[in-house]
Amino acid sequence: MSIHLSKKTYDEMISHSIRSLPNEACGILIQEASSSSTDELHIHTFIPLPNHAAHPKQQFVIHPIDMIPYLTDQCRTIVGIFHSHPTASSTPSAEDLLTLWHTIPTYWVLSLQHEEKPDLKVYSLKKTTTTAYHKLSFVIGQ
């Protein structure tokens, strides 16, 4: 799978995560529905969403009602779930692997362990008897 993330979108993900500190930030990544290739994603839109977790410093919860406008939008498709790890690496945590978001093509984790050098990684989650993750690569472009 080839993933292209716009620089503007990347910057918005970083800004939202820094503004959300010390809590985990979260949101979704959108692709125009006209991009029908399943082997190639062109992501130009980041939608920040509120973190509804009881303990937002250690976890994130996206309320499904916040996603309804995007799930029902015929012109755009949700292609990624995003959240930050304020003090941990950008590897999915054990709790992340319990997610129900495995049907969304990409799962993004931003580490702010070193705030001056944010570390963004993208994964593909596969749900079997346990959830496995596979690191993907992406390109930040215009």
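Dividing the summed -39500 (n - 2.57) terms of all DSSP H runs of n ≥ 4 by the residue count of the chain sets its mean residue ellipticity at 222 nm at -4500 deg cm²/dmol. Report which label in (1) 2, 8, 12, 12, 11, 8, 7, 6, 5, 5, 5, 5, 6, 5, 3, 1, 0; (2) 2, 9, 18, 21, 19, 15, 9, 4, 2, 1, 1, 0, 0; (3) 2, 10, 21, 24, 23, 14, 5, 1 holds the value of P(r) over Cα pairs in 5 Å bins from 0, in percent derived from the coordinates of this structure. Working out P(r) over Cα pairs in 5 Å bins from 0, in percent from the coordinates points to (3).
Extent along the principal axes, Cα only, for segment 19-85: 37, 22, 18 Å, with the longest axis given first.
Modelled label-to-label distance, residue 40 and residue 57, 7 Å Cα→beta-carbon offset: nm? Here the answer is 4.6 nm between the modelled labels. Shown for 26, 75: other C-beta atoms within 10 Å of each C-beta, ranked fewest to most, produce the order 75, 26. Only Cα pairs under 8 Å and 6+ residues apart enter the sum, and on that basis the relative contact order of the chain stands at 26 percent. For the chain, leaving out every one of the GluC sites (Glu not before Pro) that falls in a DSSP loop and has at most 16 other Cβ atoms within 10 Å, the longest unbroken run is 1-94.
Any read-out appearing in this document is the output of simple, stated calculations on the displayed coordinates, not a laboratory observation. Keep in mind that what you see is a predicted model, and the values were worked out from it rather than measured. With ideal geometry, Cβ positions are generated from the backbone for all residues, glycine too; neighbour counts draw on all protein chains shown.
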